Ligand code: 5CA
Ligand code: ZN
C-alpha cells in the first residue's frame, strides 16, 4: 500500500543522547538501544471512519520516537499497518450500505492527508491486512502444524491460537487472568465461543461465511485473518524476529499486543518480540475516550476544513505527556495557537539566548521518555527571553526554528 509524502527534516548539529522510553512489559523507563538501524512497528488505523485526534496523538508520539532516533544517528525502519479487513469495517459498511473496500480506501486516503499536514514522517512500509493475507495464512498453517493452534470442530473452519503454547503469556500487559478476562470481550475477544480450549484463546483465522468477504487460505481453507496475527506477520516479515519498539495506544496493551507478541515469539522461537512495548495515552472528549463506537470524535480533517493551523493541532497534542490519558478541549487549541504565535515572533528576531544551550535542553527533555511538557517549557522560556530583548546569539533564532522542526515536527 502506498504511504504518504514526507517533508525534509533539518539535520541538527551534534547528536542527541540515547532515547529512554517507558516499556509496558517491564514497567520502567529504559534506554532503547537499537543496534544500528532502529526498528519500529506501530499499529495503524482500522479505516471505517476519519482520523480523530486520538489517532493523531498516537501517530505523533511515534513520530517523535523516530525523530529522536534519527537525531541520535540511527537509521530507522518504520512499519505501520492498516487493518483494511476486520469486523468493525464490515459492520460500518453494512450499516451505511456501502462497499467495505470503498469505505476503507476513502478513509485511508483521508488518513494519509491528515498525516501529511501534521508533518508525520511516513513509514518506510505502509501495509494493509488484505495484501498480507497469503503470508498470514501461511503462518497460521505453521502454528497449526506446530500444535500451537487448533481448528474448531463445528464446521466453521475457525482457527484459534492456544495460549498455553505461549509460556510467558501476560508478560507484556502485566495483567492478572481476572483482568484479562474482563478486558478481552471489550476489545474484540470472544471468551464464550464454544469449543475453545481457553476463553482467552484469540482467533487466528475466521473460516469463510456466505455473507462475508473471504480469501483462499491454501490448506487452511478459505477465510480471513484474525487481528493479532495480522500485526505479528507484517512486523516479522518486514522487520525480523525482534524489533526495538512495538507501538500503539494503550487500548492495545491487551489483548492485541500481548497476543501479537505471543504469535511472533511462537513463530520465531525468539523472545521478547519487542525490546520496548510503548503505549500512548487515550485522548478523550468530555471525560470519555474518543472512539468511533462512542461517536464523540474530533476529526483532524474537520479541523483542517475549518482552517485550523495543523501545527497548532500538533502542538496542542504535544502539550500533554504522551503516556497520560488526557482530554481534548477547545482551550487547548487556543492556547497552542497563542503559543505558536509567540514562537513565530521570537524566531523572526535577529538574535536570542544561546541556541546550542536551547538545543541541548530540548534534546535532554525529549530523551527522557519524550517529556514534551518539559521541552515546551524550554521553548517558551527561549521565546520569552528573545521577545524581551535577549540578543546574545545571532545564530540562535534559526537553530530555534530548526530544532522545533526536526525534533518536535513543528514548522514555524
Ligand atoms: N487497526 C488497529 C490496530 S492494529 C486499531 O486499533 N485501529 S484504530 O483505528 O482503532 O486505532 C489506530 C491507532 O490509534 C491505534 O494505535 C490505537 O491504539 C490508537 N487510538 C485509538 N483511539 C485512540 C484514542 N482515543 N487516543 C489515542 N490513541 C488512540
Ligand atoms: Zn496492530
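Listed values, structure above:
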quantity: In segment 73-99, residue surrounded by the most Cβ atoms within 10 Å (Cβ to Cβ) [restricted to those that are more than 16 Å from ligand 1 (Cβ to nearest atom) and in a helix (DSSP H, G or I)]; calculated: 94
quantity: Wholly within segment 18-72, strands (runs of 3 or more DSSP E) carrying at least 1 residues that are buried (at least 21 other Cβ atoms within 10 Å of the Cβ); calculated: 20-23, 38-42
quantity: Number of positions in segment 180-200 that are in contact (Cβ under 8 Å) with a residue 40 or more places away in the chain and over 24 Å from residue 223 (Cα atoms); calculated: 2
quantity: Members of segment 366-412 found to be surrounded by fewer than 16 Cβ atoms within 10 Å (Cβ to Cβ), under 21 Å from the mean Cα position of the chain (by Cα) and part of a helix (DSSP H, G or I), listed by number; calculated: 373
quantity: Complete set of residues in segment 269-278 that are buried (at least 24 other Cβ atoms within 10 Å of the Cβ) and either outside any loop (DSSP other than H, G, I, E, B) or within 12 Å of ligand 2 (Cβ to nearest atom) (or both); calculated: 274, 276, 277, 278
quantity: Qualifying residue in segment 246-260 (condition: more than 14 Å from ligand 1 (Cβ to nearest atom) and either modelled with pLDDT of 95 or more or touching a strand residue (DSSP E or B) at 6+ places or on another chain (Cβ under 7 Å) (or both)); calculated: no
quantity: Failed condition for residue 266, given (1) more than 16 Å from ligand 2 (Cβ to nearest atom); (2) assigned to a helix (DSSP H, G or I); (3) within 17 Å of the chain's Cα centre (by Cα); calculated: (3)
quantity: Selected residue (only one of 223, 207, 218 is at pLDDT below 95 and away from ligand 1 (no atom under 16 Å from the Cβ)); calculated: 218
quantity: Strands (runs of 3 or more DSSP E) enclosed by segment 109-172 - at least 1 residues per element that are over 28 Å from the mean Cα position of the chain (by Cα) and under 25 Å from residue 254 (Cβ atoms); calculated: 149-151
quantity: Long-range neighbours under 6 Å by Cβ, at least six apart or interchain, first residue over 12 Å from residue 81 (Cα atoms) within segment 36-49, second within 15 Å of ligand 2 (Cβ to nearest atom) and in a strand (DSSP E or B); calculated: 39/243
quantity: Count - residues of segment 212-245 that are in contact with a strand residue (DSSP E or B) (Cβ under 8 Å, 6 or more places away or on another chain), under 30 Å from residue 33 (Cβ atoms) and surrounded by fewer than 17 Cβ atoms within 10 Å (Cβ to Cβ); calculated: 1
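The values are calculated or read from the model by the stated rules, or taken from the named source; none is laboratory data. Note that the coordinates shown come from a computational prediction; the quantities given were computed from them, not determined experimentally. Positions of Cβ are generated from backbone atoms using ideal geometry, with glycine treated the same way; all protein chains shown enter the neighbour counts.
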